[in-house]
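Visitor: Got a structure for you, questions after.
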Amino acid sequence: MPKEHKIYTKTGDLGETSLLGGKRVWKSHERVEAYGTLDELNSFIGLLKDQQIGEHYKSILATIQEKIFVAEAWIASDPQGKPATLPFLTDEDIKLLENEIDEMNKSLPLLNHFLLPGGHTMVSYCHIARTVCCRAERTVIRLKEKSQMDQIITRYLNRLSDYFFVLARKIAKDLGATENQWVTKT
């Protein structure tokens, strides 16, 4: 009979958790905040991927989810501990996002106004992913101010927020949804 694996460990009941490598930190630690925000982003990406969108979008979003996990793992690693044997983010990962952005932009009208999120549920999900991505980037930058970290994570997140903005526009176009332009009333 297989041994039961319990999801709860009770080791975090007093507000601490372990980084990869075993170092104990408070759950309010900037590393936990950063990888937790990336985990939140990954959940929203999963929600977006579960919508009725094209298979190409789903494939790219699945790749992005894997890359977010890579970033989470590096952020969750104790920088003073034994070097982790983890996969890396690469310039090619950023180039994939740039290529996708460029390809989607080919079919989009020139943008002359700020856009208000909305117009269709799937478009809104893209904007939620974009704003959580921006928040994740800010948490990573705050962490970077205190601890050594590979610059590629912030570069990836910066490009990823751009990807979600353009994806929102492209999905709106695909669905025939109206882009909500913000025009000031003077």
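The values are calculated or read from the model by the stated rules, or taken from the named source; none is laboratory data. What you are looking at is a predicted structure, and each value in this text was computed from that prediction instead of being measured. We place every Cβ from the backbone using ideal geometry, glycine too, and count neighbours over all the protein chains shown.
Visitor: What's the number of the condition Pro87 fails, among (1) in a helix (DSSP H, G or I); (2) in contact with a helix residue (DSSP H, G or I) (Cβ under 9 Å, 6 or more places away or on another chain)?
Guide: The one condition Pro87 does not meet is (1).
Visitor: Given the criterion in a helix (DSSP H, G or I), aliphatic (A, V, I, L, M) and without any contact (Cβ under 8 Å) to a residue 40 or more places away in the chain, identify the matching residue among Ile94, Ile141.
Guide: Just a single option satisfies the conditions, and that option is Ile141.
Visitor: Please work out which residue is surrounded by the most Cβ atoms within 10 Å (Cβ to Cβ), limiting yourself to the stretch 103-157 and to residues that are at pLDDT 95 or above, under 30 Å from Gly81 (Cα atoms) and hydroxyl-bearing (Ser, Thr, Tyr).
Guide: Looking at the filtered set, the residue picked out is Tyr156.
Visitor: Do the conditions hold for Lys58, that is, is it among the charged types (D, E, K, R), closer than 20 Å to Val123 by Cβ, at pLDDT 95 or above and part of a helix (DSSP H, G or I)?
Guide: Answer is yes for this residue.
Visitor: Would you confirm whether any residue within the stretch 160-173 is within 19 Å of His127 (Cα to Cα), of a type in the set (S, T, N, Q) and at pLDDT 95 or above?
Guide: Taking every residue of the stretch 160-173 in turn, at least one turns out to be within 19 Å of His127 (Cα to Cα), of a type in the set (S, T, N, Q) and at pLDDT 95 or above.
Visitor: Across the stretch 18-52, what is the total count of residues that are assigned to a helix (DSSP H, G or I) and either among the aliphatic types (A, V, I, L, M) or on the phi > 0 side of the Ramachandran plot (or both)?
Guide: 7
Visitor: Kindly establish whether Ser18 is surrounded by 12 or more Cβ atoms within 10 Å (Cβ to Cβ), free of Cβ contacts under 8 Å to residues at least 60 places away in the same chain and in contact with a Pro (Cβ under 9 Å, 6 or more places away or on another chain).
Guide: For Ser18, the condition - surrounded by 12 or more Cβ atoms within 10 Å (Cβ to Cβ), free of Cβ contacts under 8 Å to residues at least 60 places away in the same chain and in contact with a Pro (Cβ under 9 Å, 6 or more places away or on another chain) - is not met.
Visitor: A further question on this structure: Can you find a residue that is surrounded by fewer than 17 Cβ atoms within 10 Å (Cβ to Cβ) and over 24 Å from Thr37 (Cα atoms) anywhere in the stretch 61-81?
Guide: No, the conditions are met nowhere in the stretch 61-81.
Visitor: When Glu4 is evaluated against the numbered criteria (1) without any contact (Cβ under 8 Å) to a residue 24 or more places away in the chain; (2) under 24 Å from Ile152 (Cα atoms), which criterion, by number, is the only one it fails?
Guide: So the condition that Glu4 fails would be (2).
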